[in-house]
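Participant: First the structure, then my questions, so here it is.
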């Protein structure tokens with residue numbers, strides 16, 4: 001079935017595109033949700049009349065996408081989550097979570113369907129994601145996934161660090177004692 005898109009559909013095309021799709025997809029999803037109309041002769045004539053308006057809107061959307069890209073391209077985003085000892089997350093970070101974090105930290109509202117890869121993040125580390133802001137306009141964002149540190153872990157880490165400092169201090173004082181003893185022995189040998 002041939003259709004005319006009334007709005008941009010990320011996986012399909014832009015406003016004004018004439019496409020051939022499965023009849024069920026058109027009748028059950030695109031047309032009822034207002035994304036498309038059937039490509040009848042009357043709708044095609046209306047499309048020809050609306051072409052200049054569509055072109056202006058597309059140029060405005062392209063300019064807006066370029067402006068957004070300039071704001072966020074190659075920026076980084078840090079997400080702190082609960083993770084196990086080996087760096088595996090308890091749960092995962094979905095594209096919805098990433099979109100919310102981008103909006104909160106970078107100030108850009110992004111549809112989660114425009115984030116690639118669409119796989120969830122399941123481990124601590126860094127992941128480079130792409131945002132498809134407009135056809136032909138993509139921005140890259142580095143997502144740093146850091147493990148959440150609980151108060152108990154901070155306390156135990158501080159204790160471990162304190163123990164290491166104590167061991168280092170005792171090792172240094174023991175070394176100083178050995179050095180002083182060897183100096184005393186050297187003096188005794190020289191005196192004799």
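The values are calculated or read from the model by the stated rules, or taken from the named source; none is laboratory data. What you see is a predicted model, and the numbers here were worked out from it, not measured in a lab. Glycine also receives a Cβ, built like all others from the backbone with ideal geometry; neighbour counts cover every protein chain displayed.
Participant: Which of the residues that make up region 2-26 are over 25 Å from residue 112 (Cβ atoms), in contact with a strand residue (DSSP E or B) (Cβ under 9 Å, 6 or more places away or on another chain) and surrounded by fewer than 16 Cβ atoms within 10 Å (Cβ to Cβ)?
Facilitator: Scanning region 2-26 gives 2, 18, 20.
Participant: Could you figure out which of (1) free of Cβ contacts under 8 Å to residues at least 60 places away in the same chain; (2) surrounded by 12 or more Cβ atoms within 10 Å (Cβ to Cβ); (3) more than 30 Å from residue 122 (Cβ to Cβ) isn't true of residue 92?
Facilitator: Checking residue 92 against (1) free of Cβ contacts under 8 Å to residues at least 60 places away in the same chain; (2) surrounded by 12 or more Cβ atoms within 10 Å (Cβ to Cβ); (3) more than 30 Å from residue 122 (Cβ to Cβ), the one that fails is (3).
Participant: Something else: Quick one: is residue 46 surrounded by 15 or more Cβ atoms within 10 Å (Cβ to Cβ), assigned to a helix (DSSP H, G or I) and not assigned by TED's automatic domain parsing to the domain that holds residue 125?
Facilitator: Taking the combined requirement at face value, the residue does not satisfy it.
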